[in-house]
Every structure is written in structure tokens, then in C-alpha cells.
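Notes to accompany the following structure.
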Amino acid sequence: MLNTLKPFLQEAWEKSGFQQPTSIQEAAIPLISEGKDLIAESPTGTGKTLAYLLPLLNKIDVNAQSLQAVVLASSQELVMQVYQEFQKWSEGSGIRGTSIIGGANLKRQLEKLKKRPHVIFATPGRLLELIKQKKVKMHEVKTVVLDEGDQLLIPEHLHTVQNIVKSALSDRQVVLFSATMKSATEKLAKEMTNKPEVLRIEKDEMASSGEVEHIYFSCEPRDKIKLLEKIARLANSKTLAFINDIGEIQVFKEKMLFKELSIGVLHSDMKKLERQETLKAFRDGKIKMLIATDIAARGLDIQGVTHVVQIDFPKDISQYVHRAGRTGRMGANGTIISLVTEREERELKRYCSELNVPLHKRVFYQGQIVAQEQRGNKVKR
């Protein structure tokens, strides 16, 4: 499959140190290369980005001056992350790409468009705005990719995304990837595609061979902050903590900083630069814990996350899966910690039995996470 790709991509693969392609890459690359429409579901951390990026780059005609492909993603962070991957994999190919995101300087984006990119990576709102102003010409676009498609097809984005897809060539190729696919999303995706192939990859053995432990602490809502402080103090930890309410984030941030803990926050009301700086500090290990809303952390690939904490209970099982997928990536180990009230505990047990993952109750003892029965007889070091 890889030997059908252009030399610059084969070289980039050699350099990347990847052994063999993951299941989703094996299945999707040939289909996309053949020009088929595709709806693909594959868990977080299984290499979805490259599954569409490699065949997409392979098809670009470098000598043409026209825009040939558009990749849409729901958050600024995800667009930037995919754009960085593009820069890495297109090196030396002559393929021009640019990122177009809401909240960024419009004038600078118009300057970038003058360089005639072959591929645009964008959030939907800003891209449609530029299409309507005739600054982005979609009439030669052959491929449209919807990354984290279930987020792009929610009511607030749906109309915008449909308009963008419609503005491309009539025989365009539409490719949609998602970590979870509800039947309603699939139905909407089918309306936008033409005789699509539907791929469902369960769990990728190579991509997720790490041991992931699912544990929980039982507590009252007001005690969650105390538990979070203890988690933030765990040695050698890199923790991503999820919260549902933007309003709450500030409260947690102030309390944690008051205790001089190494934390940052990420939510959609922050300015673009602030978000980028916080993410970089977390990626580089300058802060140990990042408290984020789901939208802000959607699709982010951060290496080496050791713990995922659910401060607030996920709204459904697929949100639990998305959050959990942020750790234990590509063979690393990880721990999912849920801070739950009695009522949430019942729901959590139901999720884990549906997902067929063992769940254990834990307590803190002398700053360490231990099983309840170990508490009394743990030898003091």
C-alpha cells in the first residue's frame, strides 16, 4: 500500500520511524487513492490523520496553481495540529498549504491565500465567509475531508459544512473520519457523499497496546477540587482533566494556582495565542496538568498523557471514550480517573461494563493512589 505513494511520502514514512501502517491506514488509503467517498470510524489514537493525509498529498498536482483539497476540522487546535502534520509530510514536495481559522487575523489569511495554496486546512465558519467573498475559489477542489466528522455535523456547523461541500466540484470526493459515529451522523454523512464506502475499525492492536486502567474516586461535588490537587501532585504525571462548564474552569484554576500547583486551562473563550501558548507549555512538560473543556481538547494529540481525569461526568458513553482515548496512545500506559458522586458511580459502572473494561475503586493514602484494602496495611516508606 505504501509503495504506491510518491517518493517524497515514502521517504517521510522512512524518517517517521513508523513500522507498519495501522488498521485504519491499511483500509482507508487505497479507497481514498481510488477516489471513492468514505465514511470511517476509528478510535482515537489510531492514526486517522495520516489515513487521509497521505493519499490526499499523493494526489496533489504541484504544477497546477489551483486549490485542490480542503480539510475541515471543528476546532482551531485541531486545524493547527493537522496543518503541522501536513508540513511534516509534505516537506520537499512543493505542495503549498495554508491554515484558515476563525479568530485569527483576516488580513494575514488573505495574504496567505495570494500564495495559491493547493490545500487549505480550515474551521468551517471562516472558510465559508471567504468563499462567499470569493477569496477562496472552490470550483477546482476535488477532495473535501471532514476530520472529527461527528463534531462538524452537529446542528450549529451542519449548514456551513454542507455549503462548503456543495461549492466544490460536482464530482468531488468527500471523506469523513470520526472516532465515534452515531447513526444520525452517519445518515447526514451519507447525504453529503456519493455511494460511500463505510469503514469501522474496532480497536487497533498496534495503536493501542498500552495498558489503560480505569479507576474512580467516590466523593461529594465540593470535594472534587481536593482530589484534583492530590492528582496534580502525583510524581511524573502529565494529566488532562475534563470539565463541562467554562464558568467552573476559572474557579478551579484560581484554587489550584493558589496552592502553587503546576496547571493550565484550555477553553473556547480564550484568545488563540493564549490557547497555543498553554498547549505548548503542556506539551513541553512545563505544566503538569491541563484542565480543559471537551470542545477545546477535541482531537488533540498530546504525547505522553499519563492520566485523564473526569472532573465532571461525561454526558454520554461516547464522550467517555473520547476522553479516555487521550491516554494510552501508541503503546503507552495510562490511567483514566473519574471523580464521581454516588449517583454517577452507578452510571460509570454501566459504561464500563458496556465497554467491557474493568473498573476499580481507589483512595488516596499518603499521597499515593491505592486500593481501599491496602490503606491500612500499606508499609510506610
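Axis angle, to the nearest 10 degrees, between helix 183-192 and the longest C-alpha principal axis of the chain: 10 degrees. Positive contributions from Lys and Arg (+1) and negative ones from Asp and Glu (-1), summed over other residues with Cβ under 14 Å from the Cβ of K272, come out at +1. The smallest convex shape that holds all Cα atoms of the range 212-377, its convex hull, gives 121 Å³ per residue. Per-residue 3J(HN,Hα) values for the range 40-53, derived from phi via the Karplus relation 6.51 cos²θ - 1.76 cosθ + 1.60 with θ = phi - 60°, read 10, 10, 8, x, 4, x, 9, x, 5, 4, 5, 4, 9, 5 Hz in sequence order (x marks Gly and Pro).
Taking 24 Å as the limit for the C-alpha separation, the pairs K48/K182; K115/K190; K6/K280; K15/K286 exceed it in the case of K115/K190; K6/K280; K15/K286. Less than 5 angstrom separates the built amide H of I291 from those of A241, G264, V265, L266, all sequence-distant by 5 or more or on a different chain. Applying the Karplus relation 6.51 cos²θ - 1.76 cosθ + 1.60 with θ = phi - 60° to the range 281-290 yields 3J(HN,Hα) values of 4, 5, 4, 7, x, 6, 10, 8, 9, 10 Hz, where x marks Gly and Pro. What angle do you read, to the nearest 10 degrees and between 0 and 90, between the alpha-carbon axis of helix 342-355 and the longest principal axis of the chain? Its long axis makes an angle of about 50 degrees. Beta bridges from DSSP with both residues in the chain: antiparallel share about 5 percent, rounded to the nearest 5. Computed from the Kirkwood radius of its Cα pairs, the Stokes-Einstein diffusion coefficient for the chain at 20 °C and 1.002 mPa s stands at 97 µm²/s.
Looking at the range 300-342, I'd like the Rg to Rh ratio, where Rg is from alpha-carbon atoms and Rh is Kirkwood's inverse mean 1/r. When Rh is taken as the Kirkwood radius, the ratio is 0.98.
Karplus-derived 3J(HN,Hα) values for the range 159-164, using 6.51 cos²θ - 1.76 cosθ + 1.60 with θ = phi - 60°, are 4, 4, 5, 4, 5, 5 Hz; glycine and proline are entered as x.
Normalised radius of gyration (Cα atoms, divided by 2.2 N^0.38 Å) for the range 2-200: 0.95. Here is the list for the range 216-247: trypsin sites (Lys or Arg not before Pro) lying in DSSP coil, each with at most 15 other C-beta atoms within 10 angstrom of its C-beta, are R233. Take the Cα radius of gyration of the range 119-174 and divide it by 2.2 N^0.38 Å, N being the number of residues; the result is 1.04. With the simple model of a label 7 Å out from the Cα in the direction of the Cβ, Y365 to E14 spans 5.5 nm. Close amide H contacts of I100 (hydrogens built in the peptide plane, cut-off under 5 Å, sequence separation of 5 or more or a different chain): F121, A122, T123.
No value in this document is a laboratory result; all are computed from the given coordinates. Bear in mind that the values here come from a model prediction, so they are computed numbers and not experimental data. All Cβ positions, even for glycine, are placed from backbone atoms using ideal geometry, and neighbour counts span all protein chains on display.
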